[in-house]
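Here is the structure we will look at, set down as structure tokens.
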Amino acid sequence: MSNNPVLKLPTTSSERILAILSVLFILGSYTFILVNWSEIPDRVPTHFNIVGEADSWGGKASVFILPIVSTFLFKTLFILSKFPHVHNYPVKVTPENAEGIYKASRKMLITMNFFMTFFLAIGTWEMINVAQGKAGLGIWYMIGFFVSIFGTMGYYMYKMFRMRKK
């Protein structure tokens, strides 16, 4: 178990906005599926290769995979963001730097949550579009996803390294 100090840190308005937008992306995915259910073909893509071409197909109900994954990831990261003292950090947490590092870690998780729900919502839209014979997003979807996730991690890890001696 971690010996990190336990601090009660209030959520910021930007964190609340990102969380609300994340929930809206999840709800939007489910709503989009339900509204378009009658127009979704019986066969939908379930996997895309690195250049964005469908390379695996499944039944119509497969369109719920990404919203379900998005819901699970959102809940997990949302709950984890409430307990920054249990996170694993790349730097030593001290009473002097704990507040800044905890805030950076929480903001990182909330921002990653936002990007994951956003890109999984787009993925749901793309699955349905490709199933209906429309064009997919191609390689830019994956590039955007990976740059957003790893860029967010890199940025907040950098911030934590800068705070290690404070």
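Throughout, read-outs are computed from the coordinates displayed, never taken from laboratory work. The shown structure was predicted, so the numbers you read here are calculated from the model rather than taken from an experiment. Note that we place each Cβ from the backbone using ideal geometry, even for glycine, and neighbour counts take in every protein chain shown.
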message: Highest mean first, how do 87-94, 120-127 rank when packing is the count of other Cβ atoms within 10 Å averaged over residues?
response: 120-127, 87-94
query: Dividing the Cα convex hull volume of segment 34-94 by residue count, how many Å³ per residue is that?
result: 134 Å³
task: Return P(r) of segment 45-166 (all Cα-Cα pairs; 5 Å bins starting at 0; whole %; ordered from short to long distances).
output: 2, 11, 18, 18, 15, 11, 9, 8, 5, 3, 1, 0
statement: For His47, other-chain or 5+-apart residues with amide H closer than 5 Å (H placed, Pro excluded) are Asp55, Ser56
task: Taking the dipole about the Cα centre of the chain, with the C-beta of Lys and Arg at +1 and of Asp and Glu at -1, give me whichever of Tyr155, Ile20, Phe114 is farthest to the positive side.
output: Tyr155
- line: Within segment 116-131, the residues whose backbone N lies under 20 Å from a label point placed 7 Å from the Cα of Asp42 along the Cα-to-Cβ direction are 128-131
message: If the only charges are +1 at each Lys and Arg Cβ and -1 at each Asp and Glu Cβ, what is the size of the charge dipole of the chain around the Cα centre, to the nearest 20 debye?
response: 980 debye
- line: Note: Lys8 to Tyr155 extended length (0.36 nm per residue) minus current alpha-carbon separation gives 50.5 nm
Length released on extending from Phe78 to Asn49, taking residue separation times 0.36 nm less the Cα-Cα span: 7.5 nm
task: Among Phe72, Ala135, Ser56, flag the residue with its Cα farthest along the positive direction of the charge dipole of the chain, charges on Cβ as +1 for Lys/Arg and -1 for Asp/Glu.
output: Phe72
